[in-house]
Amino acid sequence: MYHSGYEPDVSEEGAHADGPDRGVSRLVTSLARAGVEPGANVYAELGSTWYLMLRRPREAAHVLGKLLLAVGEDRILWGTDSVWYGAPQRLIDAFRAFRIPESMQERFGYPALTDTAKAKILGVNASRLYDLDLTAVGNPDADWLPAARDELGSRLA
C-alpha cells in the first residue's frame, strides 16, 4: 500500500481528528469496515509518509500508532523514497530514535514502537515478503559477498 493513506494537509492528531474518512484514519476505517484485521494481507509503507512527518513528532506518533493497531508491526514496510529526498540515513536514524510517548499509548491505546517492531519495519518485514535471506547480510562467509566485493573493488580501481 503506497504511503499508508497519509495526507499532509489532514491532521492525524487525536483518534480521528479530521474525521474517520480522511488521511490514515481512512485506511483504518476501511480496514475495519471490511473486517480486515492486523496481520492480514494489507501492508502500509512509510516512504514519503515518514519524511513528511519527521518534523511533526506528535502527528508521527498518531500515524504510527494507528498503523500498528490497524495492520500490525509485521505489515508495515520502510520506504525511503530516496530518489525524491536524498540519502535516507538521517530518516533511518530519526526512526530508530523515535518513540510513541507513553501518555499517547495510554490515552489512545497505541502499542509501543519497540526496537523489535522498528527492526521489522526497517527490513525484516520486507525480507519475508520478498523471500530474502537476511542471514547472508553481514556474513563474510556468504557465497555472494566475496564476489560482490571483488566486483566493486575492480570498479573502484
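The values are calculated or read from the model by the stated rules, or taken from the named source; none is laboratory data. Keep in mind that this is a model prediction, so the values were computed, not measured. Every residue, glycine as well, gets a Cβ built from its backbone with ideal geometry; the counts of neighbours run over all protein chains shown.
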Check your understanding: Can you pull out the residues in segment 2-51 that are at pLDDT below 90, within 21 Å of Tyr85 (Cα to Cα) and either surrounded by fewer than 15 Cβ atoms within 10 Å (Cβ to Cβ) or touching a His at 6+ places or on another chain (Cβ under 9 Å) (or both)?
Key -> Tyr2, Pro8, Asp9, Gly47, Ser48, Thr49
Review point. Restricting attention to segment 123-138, does a residue exist that is at pLDDT below 95, in contact with a helix residue (DSSP H, G or I) (Cβ under 8 Å, 6 or more places away or on another chain) and of a type in the set (Val, Ile, Thr)?
Key: yes
